[in-house]
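Participant: Okay, here's the structure, questions in a sec.
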Amino acid sequence: ASTAGGWPAVLAVAAATFSVVTAEMLPVGLLTPIGHTLRVSDGAAGLTLTATGLVAALAAPVVPLTARRADRRLVLAGLLVLLAAANLLAAWAPVFGVLLLARVLVGLGMGGVWAVAASLAVRLVPARSVAPATAAVFSGIAVASVVGVPAGTLVGELAGWRAAFALMAAVSLAVAAALALLLPPLPADGRARPRELAALLRAPRLRTGLLVVLLLVAGHFAAYTYVRPVLEELSGIGAGLLSVLLL
């Protein structure tokens, strides 16, 4: 396997994970204005996160199977272009159904990026640097949570929630270009097969781990999705303070 690309390539992959997680969670800070504009309740607006998460969970095992022979650099760059298109569609969405479709496309991109990006560090840096490089790739989650969501909320307050999605589309396109330029060719180093996935799921420890992760993530998003309406209705805070609290 190639170890070309080095740390610039690792940082490009980290930017990809940052982009998909920020896009995933962007509605958290924009839920109330989205509901007001598209005339749906906060509960219905929360489906913009539910749909994304469910589709991502289904896409993550499917993408490696369908793209098993494709160059991973092209797959990642293509998924970020898809993410950009999805966010542009969300920014334009005239009705709630169109926004939900856009969020389904975000889920496809997100699941695919995680399935491909999570194991790339070992192919980009020497063996001694694999651990910190893998940590850097996964740091996109933390940066998206701590910086991406509050920044999107701030943009939404200053220029409207549609502008936040449009900005996310621009960021995704920039990351797609960085991936295409900085990653070396990464031909598939193995052919994933459905029976191999089924064999993994028969492992008791893996099933337990997946169940724990499912409960953790479901519990987190059940509360986090509605943090804006809760803070506004129960605490009476103004929208201007929301991005600070999220940060």
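The values are calculated or read from the model by the stated rules, or taken from the named source; none is laboratory data. Everything numeric in this text was worked out from a predicted model, so none of it was measured. Every residue, glycine among them, receives a Cβ derived from its backbone with ideal geometry; neighbour counts consider all protein chains shown. These area figures cover heavy atoms from the full protein model, side chains too; ligands, DNA and RNA do not enter into them. Shrake-Rupley method; radii C 1.70, N 1.55, O 1.52, S 1.80 Å.
Participant: By the scheme Lys and Arg +1, Asp and Glu -1, what is the net charge of all other residues having a beta-carbon under 13 Å from that of Ala102?
Facilitator: Residues near Ala102 contribute +1 overall.
Participant: To continue, here is another question. How big is the charge dipole of the chain about its Cα centre, in debye rounded to the nearest 20, if each Lys and Arg gets +1 on its Cβ and each Asp and Glu gets -1 on its Cβ?
Facilitator: Taking the Cα centre of the chain as origin, the dipole is about 980 debye.
Participant: Still on this structure: Take the Cα radius of gyration of region 1-88 and divide it by 2.2 N^0.38 Å, with N its residue count; two decimals is plenty.
Facilitator: For region 1-88, the normalised Cα radius of gyration comes out at 1.34.
Participant: Something else about it: Give the distance, in whole Å, between the Cα centre of region 91-126 and the Cα centre of region 16-56.
Facilitator: Spelled out, the Cα-based centre of one part sits 13 Å from the other.
Participant: Hey, if you put +1 on the Cβ of every Lys and Arg and -1 on every Asp and Glu Cβ in the chain, which of Ala85, Leu200, Leu30 ends up farthest toward the positive end of that dipole?
Facilitator: Leu200
Participant: What ³J(HN,Hα) values, in whole Hz, does the Karplus curve 6.51 cos²θ - 1.76 cosθ + 1.60 give for region 125-135 when θ = phi - 60°, with x put for Gly and Pro?
Facilitator: Whole-Hz 3J(HN,Hα) from phi for region 125-135: 10, x, 4, 5, 9, 5, 4, x, 5, 5, 4.
Participant: Can you give me the convex hull volume of the Cα atoms of the chain, divided per residue and expressed in Å³?
Facilitator: Spelled out: Cα convex hull of the chain, divided by residues, is 123 Å³.
Participant: Please give me the summed charge of the neighbours of Ala51: other residues whose Cβ is under 11 Å from its Cβ, Lys and Arg +1, Asp and Glu -1.
Facilitator: Value of the local net charge: 0.
Participant: Compare Leu124, Leu231, Leu179 in a GNM of the chain, Cα atoms joined below 10 Å, and give the one with the largest fluctuation.
Facilitator: Fluctuation is largest for Leu231.
Participant: Pop out the ³J(HN,Hα) list for region 50-56 in order, Karplus 6.51 cos²θ - 1.76 cosθ + 1.60 with θ = phi - 60°, rounded to Hz; leave Gly and Pro as x.
Facilitator: 4, 4, 4, x, 5, 5, 4
Participant: What trypsin sites (Lys or Arg not before Pro) in region 136-234 are in a loop by DSSP, with at most 15 other Cβ atoms within 10 Å of the Cβ?
Facilitator: The qualifying sites are Arg191, Arg202.
Participant: Please find, in a Gaussian network model of the chain (springs between Cα atoms separated by less than 10 Å), the residue of Ala188, Ala51, Ala133 whose mean-square fluctuation is greatest.
Facilitator: Sorting by GNM fluctuation, first place goes to Ala188.
Participant: With a 1.4 Å probe and all protein chains left in place, how much of the accessible area of the chain comes from carbon and sulfur atoms, in whole percent?
Facilitator: Here it works out to 72 percent.
Participant: Among Leu58, Leu79, Leu173, which one shows the highest mean-square fluctuation when the chain is modelled as a Gaussian network with alpha-carbon springs under 10 Å?
Facilitator: Leu58
Participant: Counting heavy atoms of the protein chains only and a 1.4 Å probe, report the per residue accessible area for region 109-233 as a whole number of Å².
Facilitator: 53 Å²
Participant: Can you work out the Karplus-derived ³J(HN,Hα) for every residue in region 93-98? Use 6.51 cos²θ - 1.76 cosθ + 1.60 with θ = phi - 60°, whole Hz, and x for glycine or proline.
Facilitator: My calculation for region 93-98 gives 2, x, 9, 5, x, 5 Hz in order.
Participant: Mind checking which of Ala176, Leu214, Leu186 is farthest towards the positive end of region 165-220's charge dipole, using Cβ charges of +1 (Lys, Arg) and -1 (Asp, Glu) about the Cα centre?
Facilitator: Leu214
Participant: log₁₀ I(q)/I(0) of region 188-247 at q = 0.13, 0.15, 0.20, 0.24 Å⁻¹, via Debye over equal Cα point scatterers, no solvent, to two decimals?
Facilitator: The Debye formula, applied to the Cα set alone, gives -0.60, -0.66, -0.82, -0.99.
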